[in-house]
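Below is one structure; the comments refer to it alone.
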Amino acid sequence: MKDLTELETYRVKTPEVLERYGSYGDGTSGVFNIPYPASTIILKTIASSDGGWDHVSVSLPFRTPDWYEMRHIHRTFFKPNEIAWEYHVPPVNHINIMPNCLHLWRKHNFIMPLPPSVFV
């Protein structure tokens, strides 16, 4: 994941964030309001890097983020050579705390296998 201090302009510093997380975050974590280019859309984003994983959750108030918005978040939070992915787990493992929310994950020190480019 990128150094999140680069996104300081978009970091949310409210009493609610401080109460919930105990800090406003640092270079590896935080809550951010990321604008989507050429629109009025603001992507509420929570990022962390802990336990061997980078994790970014993205939500909108009235709908789920689309592919282009997720691509924008990936490019904003991850380095160009980093692969991040969404998990589609069995229904028994579904946890829905926040409606309209999607997640990107990246395992530290792990090379994610990719399909052959002719398959994509």
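The values are calculated or read from the model by the stated rules, or taken from the named source; none is laboratory data. On a predicted model such as this, the values are computed, not experimentally measured, just so you know. Neighbour counts run over all protein chains shown; Cβ positions are idealised from the backbone, glycine included.
Among the residues of region 100-116, are any within 20 Å of Ser39 (Cα to Cα), at pLDDT below 95 and in a loop (DSSP other than H, G, I, E, B)? The answer is yes, given that some residue of region 100-116 is within 20 Å of Ser39 (Cα to Cα), at pLDDT below 95 and in a loop (DSSP other than H, G, I, E, B). The strands (runs of 3 or more DSSP E) found wholly in region 1-98 and carrying at least 1 residues that are touching a helix residue (DSSP H, G or I) at 6+ places or on another chain (Cβ under 7 Å) and more than 27 Å from Pro113 (Cβ to Cβ) occupy 30-35, 42-50.
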